[in-house]
1. Can you name the condition, by its number, that Trp25 falls short on among (1) aromatic (Phe, Trp, Tyr); (2) within 30 Å of Asn7 (Cα to Cα); (3) outside the structural domain of Glu15 (by TED's automatic domain parsing)?
2. What number of residues within segment 83-121 satisfy the criterion of being exposed (fewer than 12 other Cβ atoms within 10 Å of the Cβ) and at pLDDT below 75?
3. How many residues does segment 53-68 contain that are exposed (fewer than 15 other Cβ atoms within 10 Å of the Cβ) and in a helix (DSSP H, G or I)?
4. Which condition from (1) under 20 Å from Ser112 (Cα atoms); (2) surrounded by 10 or more Cβ atoms within 10 Å (Cβ to Cβ) is the one that Pro34 breaks?
5. When the residues of segment 1-23 are narrowed to those that are part of a loop (DSSP other than H, G, I, E, B) and free of Cβ contacts under 8 Å to residues at least 60 places away in the same chain, which ends up nearest to the chain's Cα centre (by Cα)?
6. For Gln8, indicate whether it is under 26 Å from Val102 (Cβ atoms) and loosely packed, with under 11 Cβ neighbours inside 10 Å.
Amino acid sequence: MLRQFFNQIPISLDEATLIDGGNHWHIYLYVIMPLSRAGLGALGIFSFLGIWNTLFWPVLVINSKELFTLPLALAMAQGQFITLIHIQMAGSVIACVPVILVFLMLQKQFISSIALSGMKQ
């Protein structure tokens with residue numbers, strides 16, 4: 001995901017840093033990393049969503065009901081013949097809250113990465 005984002009950073013910025021007396025660490029820390037905050041923020045949101053909604057791995061490794069993750073507990077709350085839909089809907093709303101909070105914290109980076117992805121050089 002970040003390959004295209006890093007390919008959009010002009011090589012002339014690296015060359016300018018080298019001409020100004022910087023080394024490769026300066027290029028990385030003071031040029032590349034500040035410019036890649038938007039892409040890293042978007043990657044953080046997508047990674048968090050992927051990990052938060054994981055169902056298969058917790059099913060394999062968790063044996064105790066006390067350690068169930070929220071998506072796993074919601075999946076296990078379905079009965080074979082009856083499902084308490086109001087309990088599942090309340091759990092779904094609770095499960096959405098951390099995702100919304102992460103998005104709100106990284107909203108600026110996410111929106112700017114979307115805006116930068118459509119730019120031409």
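The values are calculated or read from the model by the stated rules, or taken from the named source; none is laboratory data. Predicted model, so just to flag it, every value in this text is computed and none were measured. Heads up, the Cβs are rebuilt from the backbone with ideal geometry, glycines too, and the neighbour counts pull from every protein chain shown.
1. (3)
2. Final tally of qualifying residues: 6.
3. Taking segment 53-68 as the starting set, the residues that turn out to be exposed (fewer than 15 other Cβ atoms within 10 Å of the Cβ) are 53-57, 59-67.
From what's left, in a helix (DSSP H, G or I): 56-57, 59-61, 65-67.
Qualifying residue count, segment 53-68: 8.
4. Only one criterion in (1) under 20 Å from Ser112 (Cα atoms); (2) surrounded by 10 or more Cβ atoms within 10 Å (Cβ to Cβ) is unmet by Pro34, namely (2).
5. The first filter runs over segment 1-23 and keeps only residues part of a loop (DSSP other than H, G, I, E, B), leaving 1, 8-10, 20-23.
Of the ones still in play, those that are also free of Cβ contacts under 8 Å to residues at least 60 places away in the same chain are 1, 9, 20-23.
Values: Met1: 11, Ile9: 21, Asp20: 35, Gly21: 35, Gly22: 32, Asn23: 31 Å.
Only one residue fits best here, namely Met1.
6. Working: under 26 Å from Val102 (Cβ atoms): yes; loosely packed, with under 11 Cβ neighbours inside 10 Å: no.
Spelling it out, it is not the case that Gln8 is under 26 Å from Val102 (Cβ atoms) and loosely packed, with under 11 Cβ neighbours inside 10 Å.
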